[in-house]
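*Asks:* Handing you this structure, nothing more for now.
The values are calculated or read from the model by the stated rules, or taken from the named source; none is laboratory data. The structure presented is a predicted model; accordingly, all values stated were derived computationally and were not measured. Cβ atoms come from the backbone with ideal geometry, glycine included; neighbour counts cover every protein chain shown. The protein model used for the area step is the full one, side chains on, heavy atoms only, and it has no ligands, DNA or RNA in it. Shrake-Rupley method; radii C 1.70, N 1.55, O 1.52, S 1.80 Å.
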Amino acid sequence: MRRLSVYAGKWLRRARRLLAAAAALAVLSAVSIWLAIQLTPMQSVSAAGQTVQVGAAQPGRSMSGPGELELFGETIATRPHFDGPIRPLLKLTHINLAPQVGAGELVPDLSRSLGSGWLRYCLWESLIAAGCAAVIAVAVAGVRRATRRTLLAMVAAGVVSVCAVNAVGIYLLASGTPRVLRQVRSLDDLVGRTPTQPVPAAQGPALPHVNAVVLGDSTAAAIGNRPVQHPTGTDRTCGRSADSYAADLAAVNDWNVLNLACQGATVTDGVLGVQTRGDDVIPPQLAVAQRATSASAVIVSIGANDMNWSVLTGLCAKSPVCDDKASTAYFTERLAAFTQNYLDLLQQLAALPHHPAVLVNEYYDPFGPDTACLKKDGITPAKAEVLSSRLSAINDVLKSGADTFHFTSVRPDFDGHTLCSDQPFVQNSADKAPLHPTAAGELAIALADQRALTTTLPASAAPSPPAPGTTSTPTPTSTPTPGS
């Protein structure tokens, strides 16, 4: 009986050691795989000018679900679902819509490459995970002052454990991932949207003498400033001004600039689709722009209305704080929706048959370091900081999208001329259009665009560079020449 008791005690102690070793290996595997996902570089796959990076999203608790697509800096769920806890992360890097590639299409060679890119990433991740396991095992053995034999055993056990977990977690559970990726034929397949129909040109005669076209919202329309001379009904409805940056560019370069911008315009309701304001129905701006077949540049100012920016700023002014959970969640949701609509717009701009240079204007920051004058409006320094950070997030999307499609992004500089400065470029709460540019602010935007066009357009179409000694910031007393 005593011998049996001793044997049982030894068996229990051995079982405890085995369980402890198994638990340690499980923890080692989890930590090593997590580190490997952080460290493994994404793999680039390219074809016909299209480039997508393939990596792995953070492991989830579910055993199946969507992957992740990083679109212009914003992460959204993919339409395809994948098996396994480790699912792909895809990042659009460069999109070049060649004539043989329709808007939104990923050429077949690239679709096939997505699967091989995933397998290549998994191989690198497995090697790095094994290396992490070996390093951790060596560190633990050093702390325990283990013998060389024990050290080798710990390293071997850790590497084998990690490789086994990777084989189960990626190759077995995610064996269908390459097949799913090879079925992706378009960007719409990834983001889960109905393919956008190209906007047909609006009916009417061609506009061969237009040098540049401006698309966008109230910032480009320059609402709150002087109305255009001899305005049409649409000019009045849209609030277009003689002080707009489109008018400034026209006057400086002796150009015919077609300003189609309209207050309240969004990507879907205004630029790509019809816009209704009261009883007026305004045709899609891009449809009219396509009649300007000789225009060498298209300048776009869009995004604020897509984000319901006026509502966000109004709620911010009335609320105790601006970064509460509800408003933050709302902003995040709107930004994700805008990102996808912005993709549609960029695709259609890239597919324009006359291939104009495209400038995407980012938004100026109306809030400077001094916010004392905004206290009466309910804007504190902390609130101004939140609003500025959200504007920065919108600008990041605008810039990333422009870069992805090889367009030019332009950020106007209002430093020293924000709301509470002596000579603001922004209309205040007592003006006709609060937070919108003044005439001088529009001139600052025009100057930023002018510099970008000088380097973007071919020499035959580019405007003359600013004269030597011209400053990057116009003085508020400057009066732009009225445009037509």
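*Asks:* Does L127 count as aliphatic (A, V, I, L, M), open to solvent by less than 10 Å² (accessible area, probe 1.4 Å) and either in contact with a Cys (Cβ under 6 Å, 6 or more places away or on another chain) or at pLDDT 85 or above (or both)? Before the answer, list the steps.
*Replies:* Numbers: aliphatic (A, V, I, L, M): yes; open to solvent by less than 10 Å² (accessible area, probe 1.4 Å): no; either in contact with a Cys (Cβ under 6 Å, 6 or more places away or on another chain) or at pLDDT 85 or above (or both): yes.
So L127 does not fit the description; no.
*Asks:* Which one is surrounded by the most Cβ atoms within 10 Å (Cβ to Cβ) among residues in region 394-410 that are small (G, A, S) and more than 8 Å from the chain's Cα centre (by Cα)?
*Replies:* Kept after step one, since they are small (G, A, S), are these residues of region 394-410: 400-402, 409.
Within this subset, residues satisfying the condition of being more than 8 Å from the chain's Cα centre (by Cα) are 402, 409.
Details: A402: 23, S409: 18.
Here the answer is A402.
*Asks:* Tally up the residues in region 363-399 that are under 19 Å from P424 (Cα atoms), free of Cβ contacts under 8 Å to residues at least 60 places away in the same chain and part of a helix (DSSP H, G or I), please.
*Replies:* Of the residues in region 363-399, 10 are under 19 Å from P424 (Cα atoms), free of Cβ contacts under 8 Å to residues at least 60 places away in the same chain and part of a helix (DSSP H, G or I).
*Asks:* Can you work out which of the residues in region 271-327 that are among the hydroxyl-bearing types (S, T, Y) and assigned to a loop (DSSP other than H, G, I, E, B) is farthest from V360 (Cα to Cα)? Spell out how you get there, then give the answer.
*Replies:* Step one: of region 271-327, the residues among the hydroxyl-bearing types (S, T, Y) are 276, 293-294, 296, 301, 310, 313, 319, 327.
So of that shortlist, the ones also assigned to a loop (DSSP other than H, G, I, E, B) come out as 293-294, 296, 319.
Details: T293: 19, S294: 19, S296: 14, S319: 32 Å.
The qualifying residue farthest from V360 (Cα to Cα) is S319.
*Asks:* Still on this model: For region 333-343, does any single residue satisfy the condition of being among the polar types (S, T, N, Q), in contact (Cβ under 8 Å) with a residue 24 or more places away in the chain and assigned to a loop (DSSP other than H, G, I, E, B)?
*Replies:* Checking region 333-343: not a single residue is among the polar types (S, T, N, Q), in contact (Cβ under 8 Å) with a residue 24 or more places away in the chain and assigned to a loop (DSSP other than H, G, I, E, B).
Residue by residue, here is whether (1) among the aliphatic types (A, V, I, L, M); (2) in contact (Cβ under 8 Å) with a residue 40 or more places away in the chain holds:
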{"site": "G176", "(1), (2)": "no, yes"}
{"site": "G216", "(1), (2)": "no, yes"}
{"site": "I223", "(1), (2)": "yes, yes"}
{"site": "S241", "(1), (2)": "no, yes"}
{"site": "N259", "(1), (2)": "no, yes"}
{"site": "V274", "(1), (2)": "yes, no"}
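*Asks:* crowded, with 20+ Cβ neighbours inside 10 Å, β-branched (V, I, T) and within 28 Å of the chain's Cα centre (by Cα), is that true of V228?
*Replies:* So V228 does not fit the description; no.
*Asks:* Continuing with this model, one more query. Would you be able to tell me the number of residues in region 316-347 that are among the basic types (K, R) and either more than 13 Å from T266 (Cα to Cα) or open to solvent by less than 50 Å² (accessible area, probe 1.4 Å) (or both)?
*Replies:* Of region 316-347, the ones among the basic types (K, R) are 318, 325, 334.
Next, only the ones that are either more than 13 Å from T266 (Cα to Cα) or open to solvent by less than 50 Å² (accessible area, probe 1.4 Å) (or both) stay: 318, 325.
So the count comes out to 2.
*Asks:* List, please: which pairs have Cβ atoms under 9 Å, are six or more places apart or on different chains, and start with a residue in region 40-57 that is within 23 Å of A129 (Cβ to Cβ) and open to solvent by 20 Å² or more (accessible area, probe 1.4 Å) and end with one that is in a loop (DSSP other than H, G, I, E, B) and modelled with pLDDT of 85 or more?
*Replies:* From residues that are within 23 Å of A129 (Cβ to Cβ) and open to solvent by 20 Å² or more (accessible area, probe 1.4 Å), the pairs are Q53/P41; Q53/M42.
*Asks:* With respect to D422, determine if the residue is surrounded by fewer than 21 Cβ atoms within 10 Å (Cβ to Cβ), outside any helix (DSSP H, G or I) and touching a residue at least 40 places away in the same chain (Cβ under 8 Å).
*Replies:* Details: surrounded by fewer than 21 Cβ atoms within 10 Å (Cβ to Cβ): yes; outside any helix (DSSP H, G or I): yes; touching a residue at least 40 places away in the same chain (Cβ under 8 Å): no.
The answer is no for D422.
*Asks:* Considering only residues that are among the acidic types (D, E), farther than 24 Å from S310 by Cα and in contact (Cβ under 8 Å) with a residue 60 or more places away in the chain, which ones fall in region 243-257?
*Replies:* Start the filter on region 243-257 by keeping residues that are among the acidic types (D, E), which leaves 243, 248, 254.
Add one more test, that the residue is farther than 24 Å from S310 by Cα, and what stays is 248, 254.
D248 - this is the single residue of region 243-257 that is among the acidic types (D, E), farther than 24 Å from S310 by Cα and in contact (Cβ under 8 Å) with a residue 60 or more places away in the chain.
*Asks:* Taking the criterion of being at pLDDT below 85, among the hydrophobic types (A, V, I, L, M, F, W, C), in a strand (DSSP E or B) and more than 18 Å from V180 (Cα to Cα), would at least one residue in region 41-59 satisfy it?
*Replies:* yes
*Asks:* With the structure loaded, tell me whether L215 is of a type in the set (A, V, I, L, M) and assigned to a strand (DSSP E or B) or whether it fails that test. So that I can check it myself, show each step before the final result.
*Replies:* Working: of a type in the set (A, V, I, L, M): yes; assigned to a strand (DSSP E or B): yes.
So L215 passes the test.
*Asks:* Just to verify a result, which residue in region 251-265, among those that are of a type in the set (S, T, N, Q) and under 16 Å from R240 (Cα atoms), is surrounded by the fewest Cβ atoms within 10 Å (Cβ to Cβ)?
*Replies:* Here is the first cut: in region 251-265, the ones of a type in the set (S, T, N, Q) are 253, 256, 259, 263.
After this cut, where a residue has to be under 16 Å from R240 (Cα atoms) as well, the list is 256, 259, 263.
Numbers: N256: 18, N259: 28, Q263: 23.
Here the answer is N256.
*Asks:* I've got another one for you. Tell me which residues, restricted to region 348-362, are open to solvent by 10 Å² or more (accessible area, probe 1.4 Å) and in contact with a Leu (Cβ under 7 Å, 6 or more places away or on another chain).
*Replies:* Listed by number, the residues that qualify are Q348, A350, A351, A357, E362.
*Asks:* If we scan region 412-419, do we find a residue that is among the aliphatic types (A, V, I, L, M) and either surrounded by fewer than 19 Cβ atoms within 10 Å (Cβ to Cβ) or in contact with a strand residue (DSSP E or B) (Cβ under 6 Å, 6 or more places away or on another chain) (or both)?
*Replies:* Of all residues in region 412-419, those among the aliphatic types (A, V, I, L, M) come to 419.
Now restrict to residues that are either surrounded by fewer than 19 Cβ atoms within 10 Å (Cβ to Cβ) or in contact with a strand residue (DSSP E or B) (Cβ under 6 Å, 6 or more places away or on another chain) (or both): 419.
Yes, region 412-419 has at least one match.
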